[in-house]
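Working notes, beginning with the structure itself.
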Amino acid sequence: MANTADLALSLLRDDRLPHIWCAGCGHGIVLGAIVRALAERIAAGSIDPAKVVVVSGIGCASRATGYLNFDGVHSTHGRAIAFATGIKLARPELEVVVITGDGDLAAIGGNHFIHAARRNIGLTVVCFNNAIYGMTSGQYSPMTPREAIATTAPYGHIERPFDLCELALACGATYVARGAAYFAARLTEYVGGALDHDGFSFVEAVSQCPTYFGRRNRMSTGVDMLRWQKDHAVTLARAASAEPEGLAGKFKVGVFRDREEPEYTKEYDRIIQAATSRTVGDGK
Ligand SMILES: Cc1ncc(C[n+]2csc(CCOP(=O)(O)OP(=O)(O)O)c2C)c(N)n1
């Protein structure tokens with residue numbers, strides 16, 4: 001029996017390497033967290049690899065599905081959750097994992113995100129948040145911080161970013177966590193919690209794009225950006241006792257919610273059972 005590290009490696013398609021990500025990019029670390037979380041569960045017997053489907057949209061983050069040794073769909077920009085919803089409705093027994101970027105999820109795909117969370121459909125959505133459109137060379141996204149420099153904001157960005165976890169919570173997601181590439185082991189735990197959870201699970205993984213975000217914003221290397229993550233992350237426990245001024249410019253990490261509520265495809269099945277158990281023509 002292979003150990004979990006060997007198993008994790010076997011979940012990657014090495015014939016697809018080298019990957020497209022730049023030196024210092026955080027996306028490989030986030031993918032590593034997903035792979036390890038899956039490997040642990042496959043080794044423990046709680047996940048059957050033949051039942052895992054990975055679905056992504058378009059972007060650097062979304063390329064991750066191609067490196068994974070599972071059935072998968074590399075779909076269209078912003079539509080990963082729509083494709084995943086169809087797969088989950090058709091085959092509720094599958095473990096459907098969505099891999100998406102902050103642009104893919106929160107800009108063009110924003111409506112799919114909020115409604116999937118509201119329905120509590122059993123998907124695990126991992127957003128690789130590098131706060132920029134990486135693949136298309138650094139246009140601002142809904143996660144770009146105010147005053148940051150982007151290709152499309154050369155004098156400083158004037159919009160406020162979303163707080164993706166607060167958005168997911170407000171829409172009714174039943175598992176919500178935020179981690180960061182710097183805290184890779186913790187991130188693996190959060191992805192694992194999302195996989196174990198039965199309803200809509202959302203993990204925001206703060207990642208880094210030194211090429212298109214860092215170089216324009218005085219963090220020219222991946223190491224600079226990882227240091228930024230280390231210095232700006234605040235655990236939920238710490239945040240609870242901190243003064244609001246102390247949290248300015250920081251981001252919270254931890255599990256914001258882990259709550260059982262009826263899962264959408266199970267509810268849908270219940271309605272189908274109720275409808276089909278009625279005799280045709282009984283007038284009810
Ligand atoms: C309909 C459509 N609009 C725009 C694009 C161009 N496009 C490709 S990837 C991308 C943004 C990706 O950004 P993000 O999701 O944040 O992922 P990252 O590349 O940063 O990992 C855009 C706008 C596209 N492929 N399709």
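The values are calculated or read from the model by the stated rules, or taken from the named source; none is laboratory data. Remember, it's a predicted structure, so these values are computed and weren't measured experimentally. With ideal geometry, Cβ positions are generated from the backbone for all residues, glycine too; neighbour counts draw on all protein chains shown.
Observations, loosely collected:
- Pair list, Cβ < 6 Å and 6+ apart or interchain, from the stretch 128-157 residues that are of a type in the set (Lys, Arg) to residues that are assigned to a loop (DSSP other than H, G, I, E, B) and more than 7 Å from the ligand (Cβ to nearest atom): Arg146/His157; Arg146/Arg160
- Listing of helices (runs of 4 or more DSSP H) fully contained in the stretch 1-113 that carry 1 or more residues being in contact (Cβ under 8 Å) with a residue 60 or more places away in the chain, within 30 Å of Asp269 (Cα to Cα) and in contact with a helix residue (DSSP H, G or I) (Cβ under 8 Å, 6 or more places away or on another chain): 27-44, 80-90
- Each residue in the stretch 143-165 was checked for being assigned to a loop (DSSP other than H, G, I, E, B) and either under 23 Å from Ile34 (Cβ atoms) or in contact with a His (Cβ under 8 Å, 6 or more places away or on another chain) (or both), and 9 of them qualify.
- Pairing residues of the stretch 252-276 that are under 23 Å from Ile87 (Cβ atoms) with residues that are among the β-branched types (Val, Ile, Thr), at Cβ distances under 6 Å and at least 6 apart in sequence or on separate chains, gives Glu261/Thr174; Tyr264/Ile121.
- Residue in the stretch 81-91 that is buried (at least 21 other Cβ atoms within 10 Å of the Cβ), within 13 Å of the ligand (Cβ to nearest atom) and at pLDDT 95 or above present: yes
- Members of the stretch 166-198 that are surrounded by fewer than 24 Cβ atoms within 10 Å (Cβ to Cβ) and part of a loop (DSSP other than H, G, I, E, B): Gly172, Thr174, His197, Asp198
- When residues in the stretch 71-102 are screened for being of a type outside the set (Val, Ile, Thr) and touching a Phe, Trp or Tyr at 6+ places or on another chain (Cβ under 6 Å), 2 of them pass.
- Residue, nearest to the ligand (Cβ to nearest atom), within the stretch 123-142, restricted to residues that are more than 17 Å from Met219 (Cα to Cα), in contact with a Phe, Trp or Tyr (Cβ under 7 Å, 6 or more places away or on another chain) and assigned to a loop (DSSP other than H, G, I, E, B): Ser141
- Residue list for the stretch 211-223, filter: more than 17 Å from Phe183 (Cβ to Cβ), surrounded by fewer than 20 Cβ atoms within 10 Å (Cβ to Cβ) and at pLDDT 95 or above: Arg215, Arg216, Arg218, Met219, Thr221
- Members of the stretch 211-229 that are within 13 Å of the ligand (Cβ to nearest atom) and out of contact with any Cys (no Cβ under 7 Å at 6 or more places or on another chain): Tyr212, Phe213, Gly214
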